[in-house]
1. Against the definition (on the phi > 0 side of the Ramachandran plot and either of a type in the set (Lys, Arg) or surrounded by fewer than 18 Cβ atoms within 10 Å (Cβ to Cβ) (or both)), how does Asp146 come out, yes or no?
2. Looking at (1) surrounded by fewer than 21 Cβ atoms within 10 Å (Cβ to Cβ); (2) away from the ligand (no atom under 16 Å from the Cβ); (3) hydroxyl-bearing (Ser, Thr, Tyr), which is the one condition that is false for Ser203?
3. Which condition breaks for Glu25 when tested against (1) in contact (Cβ under 8 Å) with a residue 24 or more places away in the chain; (2) of a type in the set (Asp, Glu); (3) farther than 20 Å from Gln109 by Cα?
4. Look through the range 228-270, keep the residues that are out of contact with any Ser or Thr (no Cβ under 8 Å at 6 or more places or on another chain) and among the hydrophobic types (A, V, I, L, M, F, W, C), and return whichever of them is nearest to Pro169 (Cα to Cα).
5. Just a yes or no: is a residue in the range 163-180 farther than 26 Å from Thr317 by Cβ, part of a strand (DSSP E or B) and away from the ligand (no atom under 15 Å from the Cβ)?
6. Out of the residues in the range 271-291 that are under 17 Å from Ile314 (Cα atoms) and not small (Gly, Ala, Ser), state the one that is surrounded by the fewest Cβ atoms within 10 Å (Cβ to Cβ).
7. Which residues, counting only those in the range 308-326, are among the basic types (Lys, Arg) and either within 16 Å of the ligand (Cβ to nearest atom) or free of Cβ contacts under 8 Å to residues at least 12 places away in the same chain (or both)?
8. What pairs come up if the first residue lies in the range 43-55 and is closer than 17 Å to Phe205 by Cβ, the second is part of a loop (DSSP other than H, G, I, E, B), and their beta carbons are under 9 Å apart, counting only those six or more places apart or on different chains?
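The values are calculated or read from the model by the stated rules, or taken from the named source; none is laboratory data. These numbers come from a predicted model, not from an experiment. Glycine gets a Cβ as well: all are built from the backbone with ideal geometry, and neighbour counts include every protein chain shown.
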Amino acid sequence: MYYICPMFIRPRRLRKNAAIRSLVEEVSTPISSLIYPLFIEDEPSARNAIPSMPGQYRLGKEEILPEIESCLEAGLKSFCLFPKVKEALKDSAATYSLDAQNFYLQSIQSIKEKFPEAVIMTDVALDPYSSDGHDGIVKDGKILNDETIEILAKMALLQAQAGADIIGPSDMMDGRVGLIRKNLEEQGYNDTLIMSYTAKYASGFYGPFRDALDSAPKAGDKKTYQLSYKNKQEALLEATLDEQEGADILMVKPGLSYLDIIQDLADSTTLPVAAYNVSGEYAMVKAASEKGWVDEKAIVEEILTSIRRAGAKIVLTYHAKDFATWIR
Ligand code: PBG
């Protein structure tokens with residue numbers, strides 16, 4: 001038997017055993033690269049399961065502190081909080097988002113008081129507070145950009161004042177990063193980070209999240225502000241703008257179907273890139289593993305690693321706590 005050349009080169013040598021494989025491993029997923037999104041609500045003792053996100057809960061203020069504590073013990077240090085606002089407090093101007101006493105801001109404060117070492121990322125968008133279920137102000141069926149970003153900038157400042165480390169504008173309005181940054185600088189919050197949802201696509205993968213917060217749009221969809229999944233070029237434009245406007249970290253969302261976008265951004269920016277492994281991606285993994293069709297631990301590690309391999313330094317994922325527990 002003859003080969004094109006004698007087999008001096010045998011790639012399998014580097015796969016010979018686990019120790020050798022780990023010597024040449026290119027990508028890993030340390031717990032320190034993960035951010036765990038958590039849902040909170042205004043019922044002190046609540047621990048409400050989210051049916052479409054098995055294993056995730058909406059936590060009241062008595063539950064959130066022990067939850068953060070057990071995550072810290074598992075080695076997780078970073079959290080992103082989303083509020084479930086009572087229907088009666090929602091209105092078309094998202095007024096409750098700017099109430100300095102609202103439970104979201106209070107939770108940030110109490111978490112940072114008890115666990116100053118925890119990194120807290122917030123959500124900046126109108127949808128949890130809006131009776132229209134949109135990320136911006138709705139008028140005659142249109143989402144108003146410039147009116148919305150004024151509110152977002154105020155919301156971000158309140159969050160920074162409550163002690164947030166990272167502001168997370170998830171709204172996709174034009175110019176919001178710049179206005180948020182300007183407001184923070186003017187008020188002396190010059191060390192508050194902004195992780196911009198730079199390339200947030202209009203996606204079917206957000207369904208379970210909208211169930212969790214009851215925040216689905218009442219009319220229309222989000223396609224006039226979130227990106228079309230048929231495009232990648234505009235993700236680069238969004239990235240350029242967010243950089244110029246003063247973002248510290250650029251995020252791509254969702255994660256798994258958008259690995260090419262993560263890679264493009266990582267190749268074209270000097271800022272760290274993050275990716276959001278979203279609720280629908282989580283739900284699919286949980287559903288298939290509950291049926292015994294996939295091995296949950298194996299595919300979670302594979303998914304998170306693929307997102308890191310594409311170029312994301314940071315991964316927001318609902319698997320964070322489980323993953324941290326498994327790999328310890
Ligand atoms: C809205 C927001 C969404 C998510 C985070 N912030 C959904 C949406 O745009 O409707 C989705 C997160 C997930 O699916 O895990 N500002």
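1. no
2. Unmet for Ser203, out of (1) surrounded by fewer than 21 Cβ atoms within 10 Å (Cβ to Cβ); (2) away from the ligand (no atom under 16 Å from the Cβ); (3) hydroxyl-bearing (Ser, Thr, Tyr): (2).
3. (1)
4. If we take residues in the range 228-270 being out of contact with any Ser or Thr (no Cβ under 8 Å at 6 or more places or on another chain) and among the hydrophobic types (A, V, I, L, M, F, W, C), then Leu241 is nearest to Pro169 (Cα to Cα).
5. Checked against the condition, which is being farther than 26 Å from Thr317 by Cβ, part of a strand (DSSP E or B) and away from the ligand (no atom under 15 Å from the Cβ), the range 163-180 yields no hits at all.
6. Filtering the range 271-291 for residues that are under 17 Å from Ile314 (Cα atoms) and not small (Gly, Ala, Ser), the one surrounded by the fewest Cβ atoms within 10 Å (Cβ to Cβ) comes out as Pro272.
7. Once the filter is applied, which keeps residues that are among the basic types (Lys, Arg) and either within 16 Å of the ligand (Cβ to nearest atom) or free of Cβ contacts under 8 Å to residues at least 12 places away in the same chain (or both), the range 308-326 yields only Lys321.
8. If the second residue must be part of a loop (DSSP other than H, G, I, E, B), the pairs left are Ile50/Gln56; Met53/Tyr318.
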